[in-house]
Amino acid sequence: MASEGILLGMGNPLLDISSVVDDDFLKKYDIKLNNAILAEDKHLPMYEEMASKGNVEYIAGGATQNSIRVAQWMLQIPGATSYMGSIGKDKFGQEMKKNSTDAGVNVHYYEDEAAPTGTCAVCVVGGERSLIANLSAANCYKSEHLKRPENWKLVEKAKYFYIAGFFLTVSPESIMLVAEHAAANNKVFMMNLSAPFICEFFKDVQENALPYMDYVFGNETEARTFARVRGWETENVEEIALKISQSHKASGAHKRITVITQGADPVVVAEDGKVKLFPVILLPKEKLVDTNGAGDAFVGGFLSQLVQEKPIEVCVKAGCYAANVIIQRSGCSYPEKPDFN
């Protein structure tokens, strides 16, 4: 049975500003579909433009927070999950707090006095999405917050930790504190490759955390970038997953398992020198609303079973179930109760 506080996530809490846009909008702001980037100056006017659209939706987001919310929803045990990150002292921050608390997650946000709550533009075209994150307050997280006794208590209570790679751009120090705690106490530490730009431009901090990762999640594009940056001469996702699973580990308490999703293609799982493929639940095109949060939801579903010590095939199945539910809805949202069995 999963207990209170068993799973802790840390990341960049962002309020998703989600809207269906057209190709002209993508051209205007130089946006590629199916990508995740950090906002540059040229992108800043687009948040206002999206907010002024009639079809805009606001949803508490950020990759790690999405996964934790989905795991919480799947578990249906109040307070089974906790989450830390940085928000601003503003209405978006309050909205986020309410949203996550209502979802049953025990949130301990650092509230930054100066910066506004981070936002993420979710541009949806034909069901595909592109994410442009304006981190703002999310970028202000400090390890001092983590070290406060009331927050470190969450670390001590948790047995499983999940952090998206995006947090490497904000507080690598916090990541290493948690990673080292997990290794020293025989707990499970997990990260996500998260985006090609993380694998490319934050390679060094990713490399520092890698030996501590008991589970590595990602998608096929991220896996290929991860391999290319390291000079591995292969585009084969199965080979890459295997190689990641076999790279050096800081602690021998747990083996490393790599889990790579490939959209509608099978999920690749590499462990013990072997690769297994798991089919996903295929969805007719007309039922696809948007793919935003699909990867996060997969991880959330997976974690909900992992913390209950279910076998890997059940974890993957739950991940596929959660992703399938999410892509039929707008943003990373879900019905009141899961019907996974």
Matching residues in segment 286-326 - criterion: being within 18 Å of the chain's Cα centre (by Cα), open to solvent by 10 Å² or more (accessible area, probe 1.4 Å), among the β-branched types (V, I, T) and at pLDDT 90 or above: V325
Condition broken by P78, with the remaining ones in (1) buried (at least 21 other Cβ atoms within 10 Å of the Cβ); (2) part of a loop (DSSP other than H, G, I, E, B) satisfied: (1)
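May I ask you to list the residues in segment 113-145 that are part of a strand (DSSP E or B) and either open to solvent by less than 20 Å² (accessible area, probe 1.4 Å) or aliphatic (A, V, I, L, M) (or both)? Write out each step before concluding.
Start the filter on segment 113-145 by keeping residues that are part of a strand (DSSP E or B), which leaves 119-125, 128-134.
Of everything in segment 113-145, those that are part of a strand (DSSP E or B) and either open to solvent by less than 20 Å² (accessible area, probe 1.4 Å) or aliphatic (A, V, I, L, M) (or both) turn out to be T119, C120, A121, V122, C123, V124, V125, S130, L131, I132, A133.
Within segment 251-267, track down each residue that is of a type in the set (A, V, I, L, M, F, W, C), crowded, with 18+ Cβ neighbours inside 10 Å and over 23 Å from G127 (Cβ atoms). Full working, then the answer.
Step one: filter segment 251-267 for residues of a type in the set (A, V, I, L, M, F, W, C), giving 253, 257, 259-260, 264, 267.
Still in the running and crowded, with 18+ Cβ neighbours inside 10 Å: 257, 259-260, 267.
Of everything in segment 251-267, those that are of a type in the set (A, V, I, L, M, F, W, C), crowded, with 18+ Cβ neighbours inside 10 Å and over 23 Å from G127 (Cβ atoms) turn out to be I257, V259.
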Condition broken by M176, with the remaining ones in (1) in a helix (DSSP H, G or I); (2) touching a residue at least 40 places away in the same chain (Cβ under 8 Å); (3) within 23 Å of K255 (Cβ to Cβ) satisfied: (2)
Segment 45-71: number of residues that are open to solvent by 10 Å² or more (accessible area, probe 1.4 Å), of a type in the set (S, T, N, Q) and over 10 Å from S18 (Cβ atoms): 1
Test for N151: is it at pLDDT 95 or above, open to solvent by 50 Å² or more (accessible area, probe 1.4 Å) and polar (S, T, N, Q): no
The listed residue being surrounded by fewer than 21 Cβ atoms within 10 Å (Cβ to Cβ) and in contact with a helix residue (DSSP H, G or I) (Cβ under 7 Å, 6 or more places away or on another chain), out of I37, I31, I17: I37
Cβ pairs under 7 Å, 6+ apart, first in segment 267-280 and more than 14 Å from Y215 (Cα to Cα), second of a type in the set (D, E, K, R): V275/E238; F278/E313
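Using the structure shown, decide if N192 is open to solvent by 10 Å² or more (accessible area, probe 1.4 Å), modelled with pLDDT of 95 or more, polar (S, T, N, Q) and within 19 Å of the chain's Cα centre (by Cα). I'd like the intermediate steps shown before the answer.
Values: open to solvent by 10 Å² or more (accessible area, probe 1.4 Å): yes; modelled with pLDDT of 95 or more: yes; polar (S, T, N, Q): yes; within 19 Å of the chain's Cα centre (by Cα): yes.
Yes, satisfied.
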Residue within segment 1-16 that is among the polar types (S, T, N, Q) and in contact (Cβ under 8 Å) with a residue 40 or more places away in the chain present: yes
Residues being touching a helix residue (DSSP H, G or I) at 6+ places or on another chain (Cβ under 8 Å) and either closer than 19 Å to I6 by Cβ or without any contact (Cβ under 8 Å) to a residue 60 or more places away in the chain (or both) - total across segment 86-108: 9
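Of all residues in segment 211-220, which are surrounded by fewer than 19 Cβ atoms within 10 Å (Cβ to Cβ) and touching a helix residue (DSSP H, G or I) at 6+ places or on another chain (Cβ under 8 Å)?
Taking segment 211-220 and keeping what is surrounded by fewer than 19 Cβ atoms within 10 Å (Cβ to Cβ), we get 211, 220.
If the condition is that a residue be surrounded by fewer than 19 Cβ atoms within 10 Å (Cβ to Cβ) and touching a helix residue (DSSP H, G or I) at 6+ places or on another chain (Cβ under 8 Å), then E220 is the only one that fits.
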Flag for P335 being open to solvent by less than 70 Å² (accessible area, probe 1.4 Å), part of a strand (DSSP E or B) and of a type outside the set (S, T, N, Q): no
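The values are calculated or read from the model by the stated rules, or taken from the named source; none is laboratory data. Note that the coordinates shown come from a computational prediction; the quantities given were computed from them, not determined experimentally. Neighbour counts run over all protein chains shown; Cβ positions are idealised from the backbone, glycine included. Note: accessible area is taken over every heavy atom of the protein model, side chains too, but ligands, DNA and RNA are not part of it. Shrake-Rupley method; radii C 1.70, N 1.55, O 1.52, S 1.80 Å.
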